[in-house]
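Reviewing the structure listed below.
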Amino acid sequence: MKLTDWNDQSLTQPSALLQDGHGRRVEYLRLSVTDRCDLRCRYCLPRDYCKFEQPSHWLNFAEIERLVFAFARLGLKRVRLTGGEPLLRKNLAELATRLAVVPGIEDLSLSTNGTQLKAQARRLREAGVGRLNVSLDTLDRTRFAAITGRDVLPEVLAGLEATCAEGFRLIKINMVALADTTDDEVDAMTAYCLERGFVLRLIETMPIGEAGRKAGFVSLQPLQERLRARYNLVDGMVPGGGPARYLVSADGSFQIGFITPLSQHFCESCNRVRLTVDGQLCLCLGQHNSVDLRTPLRAGVSDAALEQVLVEALRGKPKRHEFEDQPQRLRRLMSATGG
Ligand code: SAM
């Protein structure tokens, strides 16, 4: 098939083109706008880490926009801004404004650690960000400082309060379950989310990078059963298209999600790829392979040829992660991949 053939076809059957070699449709891009972060969560970024990507390699907003347009012509529907800490990227709201109006993109969301949220929540909402995921592993100030390396829990909580007034469609709290996370911490977080209408999601620690491997793995299955019994929850669904399995209250007013890449992997329904700040397309969070998009972009690739690069890259999406089999091969850090 010639380039122009399938490019024309993409206008009529776009979603068929973002199908990988295992029949999965990829409709979701996690877009890392920086690999830097103002926290050093002990399971994510080593405290002394300093090998950040040089700014000349960062995709600029025009390059990012061009890529999202190309993806969207092929059927991409959802974009999440992430990092590193995305709110550290200068003028992020301007990028969000540009991406929110790309034809075909139905959902623009953001993952953040919340430290800068108070100052930026309104601008992000006005820019068209509809949903937020805020990472928060504990409500205990001392523990928060020990996990993240910074005593900024009050700033994160103030940021979360600020979001409540801005009319985001959905706010999810991502809590990584660590070996020393206590039941009391989980219960306090559950009560906090219940009070504010936030959706809580508990996440198994993944062996990504040295920090992730050192943190150790805790299965969420026992916690899931404890919370099911304690809050009288049943299996349910929450919008978002992600990998979480949800427990919900009988009246549907409260939900807890469980992201269990190790104890119950969800690769068969994986619908996403990730783009790093320097333009590498990562096809699987749990495998090291990637496709360089920065080089063709900077070499003046045509729109049609760019679409072909994306379609071919997608065909190579691995069937499943290698967290258990080859964890040592995952040298890429979560903060660099775009979590
Ligand atoms: N800075 C933003 C944030 O905090 O949400 C976005 C990037 S952060 C890498 C995205 C998510 O990845 C966070 O919820 C974080 O807790 C999670 N994460 C980082 N390393 C992880 C690991 N080894 N296992 C599980 N989750 C991890």
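The values are calculated or read from the model by the stated rules, or taken from the named source; none is laboratory data. Computed from a predicted structure; not experimentally measured. With ideal geometry, Cβ positions are generated from the backbone for all residues, glycine too; neighbour counts draw on all protein chains shown. To get the accessible areas, we keep the full protein, side chains included, count just its heavy atoms, and leave off ligands, DNA and RNA. Shrake-Rupley method; radii C 1.70, N 1.55, O 1.52, S 1.80 Å.
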Consider a paramagnetic label point 7 Å from the Cα of A188 along Cα→Cβ; state which residues of the range 27-54 have an amide N under 20 Å from it.
-> 40-43
Within the chain, the percent of DSSP beta bridges that are antiparallel, given to the nearest 5, stands at 30
Filtered hits (lysines, Cα-Cα < 26 Å from K77, offset >= 8 within chain) -> K2, K90, K172, K317, K319
Between the helical axis of 183-196 and the dominant principal axis of the chain, each derived from Cα atoms, what acute angle in degrees is found, rounded to the nearest 10?
-> 70
Computed Rg/Rh for the chain (Cα atoms; Rh = Kirkwood radius) stands at 0.95
Taking Cα atoms, how many degrees apart are the long axis of helix 117-127 and the longest axis of the chain, rounded to 10 and kept between 0 and 90?
-> 40
Point-charge dipole on Cβ atoms (K/R +1, D/E -1) for the chain, about Cα centre, debye to 20 = 420
Per residue, in Å², the accessible surface of the chain once ligands and nucleic acids are set aside, probe 1.4 Å | 42
Taking every DSSP beta bridge that has both residues in the range 145-301, what percent is antiparallel when rounded to the nearest 5?
-> 55
Could you check how much of the accessible area of the chain is carbon and sulfur, as a whole percent, using a 1.4 Å probe?
-> 52
For each cysteine in the chain, check whether another cysteine's C-beta sits under 4.7 Å from its C-beta; list those where none does.
-> C37, C50, C164, C193, C267, C270, C282, C284
Rounded to 10°, Cα long-axis angle of helix 221-231 versus longest principal axis of the chain = 60
Could you work out the helix-only [θ] at 222 nm for the chain, with each DSSP H run of four or more residues adding -39,500 (n - 2.57) and the total divided by the number of residues, to the nearest 500 deg cm²/dmol?
-> -10000 deg cm²/dmol
Which residue, chosen from A179, F52, F144, occupies the Cα position most advanced towards the positive end of the dipole of the chain, where the dipole is computed from +1 (Lys, Arg) and -1 (Asp, Glu) charges on Cβ about the Cα centre?
-> F52
Here FRET efficiency (C-beta to C-beta, F52 to A146, R₀ 25 Å, nearest 0.05) is 0.60
